[in-house]
Amino acid sequence: MSAATTRSRTPDRLCAEAVDLARAAAEEAAAPGVVGEHEGLVSEGDRVVTHFFACRELGYRGWRWAVTVARASRAKIVTVDEAVLLPGPDALLAPEWVPWSERLRPGDMGPGDLLPTDAEDLRLEPGYSGEDEPAPNSTVSAELAELVEAEDAEVAGVAPADLTIAPARGSIASVAEELGMRRARVLSRYGLHIAADRWEEAFGAKTPMAQAAPAACVSCGFLMSIGGSLGQAFGVCANEFSPADGRVVSLSYGCGGHSEAAVMPKPPQPPAPVIDETRVDPFPLRPIPDSGSVPATEDAASAELGHS
């Protein structure tokens, strides 16, 4: 161990004896009656000592007032460097701060709340813009035909050309089976209407959440389209933080979890007041005699009551 290290760990005598100076500095920085008894000191370096005083302020259990004093080389006057309130070994501390994006849970969003979506959100991807659309004479159609032949061969075990009876593609029964419509009964038009009314009432444009939303679901990236005639007015929400997650929502519905709600909307600014300086408004210097609740003419009954 070097001599410098030994000197730094040994408290300076004059700085260690400056308890009253350190207490006065702590009482100046704290409220009256908050600074408690002296709880020790520690050497911070050559001729630098920190004194600790108990803190009696409510809500700061285990905290200590730390006052650092020092003196110059070959000087006998001790001065105060700083006085701060620091937590002790058993201090009552606040829990570790957690970012809002990690604290947010499904169902926490209310009407008027906005949830900005990160540009690199893994739940979203670029939409179809038409730039990658193949030309009409592209070879994609031939590739799709080869894929269909391969799938048929995998199901049937042999190539379609080797089958005795080729599978009938495009028939009404095959198309219905592929779309999942080969059921005994399906939803009627009346059933569609009452379902649409029920969904519109629960997650429609007239709900408080939709009234306070920055935009409608029709432009949200979390909206999943549904098939059938109801797909023109409804979709399914796929945002886990939205109160409508997994629900059928109207295209005119909306919430603060909109995928494009990255910028808070600016509140409307009222127009500047217009003052007409060319017009003069007359104001009477004296009130009109018959403008009050008491008649201007004095009668015997009012005279007795003291009215004038």
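Counting only residues that are open to solvent by 70 Å² or more (accessible area, probe 1.4 Å) and aliphatic (A, V, I, L, M), segment 6-20 holds 0 of them.
Evaluation of Ser250 against the conditions (1) among the hydroxyl-bearing types (Ser, Thr, Tyr); (2) buried (at least 18 other Cβ atoms within 10 Å of the Cβ); (3) over 25 Å from Leu114 (Cβ atoms) shows that the sole unmet condition is (3). Cβ-Cβ distances below 6 Å connect the following pairs, each with a first residue in segment 265-281 that is modelled with pLDDT under 70, a second residue that is surrounded by 10 or more Cβ atoms within 10 Å (Cβ to Cβ), and a separation of six or more residues or different chains: Pro265/Pro214. For residues in segment 22-80 being in a loop (DSSP other than H, G, I, E, B) and touching a strand residue (DSSP E or B) at 6+ places or on another chain (Cβ under 6 Å), which is least open to solvent (accessible area, probe 1.4 Å)? Step by step, filter segment 22-80, then rank; the result is Val78.
Count, please, the residues in segment 184-207 that happen to be open to solvent by 100 Å² or more (accessible area, probe 1.4 Å), in a loop (DSSP other than H, G, I, E, B) and within 16 Å of Gly227 (Cα to Cα).
Just the residues of segment 184-207 that are open to solvent by 100 Å² or more (accessible area, probe 1.4 Å), to begin with: 184-185, 187, 189-190, 193, 197-198, 201, 206.
Then drop every residue that is not in a loop (DSSP other than H, G, I, E, B), which leaves 184-185, 187, 206.
Imposing the further condition that a residue be within 16 Å of Gly227 (Cα to Cα) reduces the set to 187.
Final tally of qualifying residues: 1.
In summary, Glu102 fulfils each of the numbered conditions (1) outside any loop (DSSP other than H, G, I, E, B); (2) closer than 17 Å to Ala29 by Cβ with the single exception of condition (2). From the list Ala31, Ala24, Ala66, the one residue that fits, being in contact (Cβ under 8 Å) with a residue 24 or more places away in the chain and of a type outside the set (S, T, N, Q), is Ala31.
The values are calculated or read from the model by the stated rules, or taken from the named source; none is laboratory data. Note that the structure is a prediction, hence the values are computed from the model and not measured. A quick note on method: Cβ atoms are made from the backbone with ideal geometry, for glycine too, and the neighbour counts reach across all protein chains shown. SASA here: full protein model, heavy atoms, side chains in, ligands and nucleic acids out. Shrake-Rupley method; radii C 1.70, N 1.55, O 1.52, S 1.80 Å.
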